[in-house]
Amino acid sequence: MRRGGGRIIGQAGVLAALLAGAPAARAEAPAETLFVAGKRGNTLSKLDLASGEEVLRVPSCTNPHELATSPDGKHVALACYGGTTIDIFTTATLTKVRSIDLGVNARPHGIVWQQDVALGRDTIFATAEGRKAMFAVNYPLGEDPDIIEISTDKAGSHMVAVSPDGAFAWTMDMGSGTVTLIEVMDARALRSSAVGVEPEGIALSPDGKTLWVSARGSDTVFTLDPLTLDIRSEVATGRFPLRIAVRPQGDVAVTSNLRDGSLSVIDTAKAKVIRTIDVSSPAEAEARFQVTILWSADGSKIYVAETASDTIAEVDYASGTVLRRLKAGEGGDGMAILP
């Protein structure tokens, strides 16, 4: 079932209350597993992190980008940036079980999969860059998924962050240079705000009180009030901070600095860079072209997608050492991890 607007049953109240929920627990797994979207090879890969080996690779859609694992750990959803669908695969065998079409010129990119325990349903949130929109897909594995399109009316709605209870979402609108706040319950964009030059990366702090945005064109990270979108602070980073990810413990945020091959480590309490981790040298940066970054579940490691060299750098957070480089499909970009 597809809807373009109207109300969605959900929790109500002030933002502080809405953000107080916690993400649903994931299913136990014998070892961490990494999933990688190969955007040049049009593939989906599964890597066993205990051995570091790629154990499975299957064909996917054209130019796949971001990934999200289901709350129960049984499925992984792939945003098909070169097309119009969200494709869902089993995590065990990478068998495709569902393809959800978002409409003409959708170009889905950013994606988050969450569970609303109170309502007993899963929801996939995905940006649709070509439609200036974000989609909320309730019951994505049900017989009749409830597909809601929410207009951002902004060019290039690219990345997405979602509050723990799914009541609010934020998109980074690269073409417009803005961040947009969406009230999911009422299926509407509340407001947008300009942030830096070419903002792309976005992350919400685990406590829901701070929105983090990296603006690659201005080599700057901004902290924002999640509700008003007022800028609280600015932090200078390495060159071209494409993405930002907050550690599960909430103590630091890290940016992926594409043009110098580094990670800027930011103390979240002080909004200040406290370390720089060199994943590759500035001379190697173009050859590796690091893009997406992802924390391990326990916050001890950072995974860095090196798109040009078809590798994933595994970085020990405490020492800043690159432990190994894992091989995956061509043009590895989006990543998701279990448990």
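Laboratory data are not the source of any read-out in this text; all were calculated from the coordinates shown. Keep in mind that what you see is a predicted model, and the values were worked out from it rather than measured. As a convention, Cβ positions derive from the backbone with ideal geometry for all residues, glycine included, and neighbour counts pool all protein chains shown.
Observations
- Cα gyration tensor shape for region 232-339, rounded if a/c is under 1.5, else prolate or oblate: oblate
- Over the residues of the chain, the helix contribution to mean residue ellipticity at 222 nm works out to -500 deg cm²/dmol, using -39500 (n - 2.57) for each DSSP H run of at least 4.
- Annotation: extensible slack from Val55 through Ala92 equals 12.2 nm (criterion: 0.36 nm per residue apart, minus Cα-Cα distance).
- Of the two radii for region 174-270, the radius of gyration is 0.97 times the Kirkwood radius, both from the alpha carbons; that is the Rg over Rh value.
- Listed pairs Lys39/Lys74; Lys96/Lys301; Lys272/Lys327; Lys132/Lys301; Lys39/Lys132; Lys39/Lys209 exceeding 31 Å between Cα atoms: Lys272/Lys327; Lys132/Lys301; Lys39/Lys209
- Spin-label pair Ser99/Asp48, simplified geometry with 7 Å Cα→Cβ offset, distance in nm: 3.1 nm
- Cα-based equivalent ellipsoid, the chain: semi-axes from gyration tensor eigenvalues, Å: 27, 24, 18
- Alpha carbon centroid spacing (whole Å) that separates region 263-339 from region 75-141: 25 Å
- Extension gain, Leu119 back to Ile274 (0.36 nm per residue minus Cα-Cα distance, nm): 51.7 nm
- Magnitude of the charge dipole for region 114-162, about its Cα centre and with charges confined to Cβ atoms of Lys, Arg (+1) and Asp, Glu (-1), is about 260 debye.
- Computed about its Cα centre, the charge dipole of the chain is approximately 300 debye, with only Lys, Arg, Asp and Glu carrying charge at their Cβ.
- Choice from Ala283, Ala68, Ala77 showing the highest fluctuation, given a GNM over the chain with Cα pairs closer than 10 Å: Ala283
- Candidate aspartates and glutamates - alpha carbon under 19 Å from Lys270, same-chain residues fewer than 8 apart omitted: Asp207, Asp219, Asp225, Asp230, Glu234, Asp251
- Look at the Cα gyration tensor of region 32-146: its axes a ≥ b ≥ c give a/c of at least 1.5 with a/b at or below b/c, and that counts as oblate.
- The packing ranking, built from the mean of other Cβ atoms within 10 Å per residue, places the peptides 318-327, 127-136 in the order 127-136, 318-327, highest first.
- A Förster distance of 35 Å, applied to the separation of the beta-carbon atoms of Arg191 and Arg324, puts the FRET efficiency at 0.20.
- Residue order for Ser176, Ser233, fewest other beta carbons within 10 angstrom first, comes to Ser233, Ser176.
- Candidates Leu56, Leu294, Leu224, ranked by Gaussian network fluctuation over the chain, Cα under 10 Å, top entry: Leu56
- Modelled spin-label separation between Ala287 and Lys74, with each label point placed 7 Å from Cα along the Cα-to-Cβ direction: 4.6 nm.
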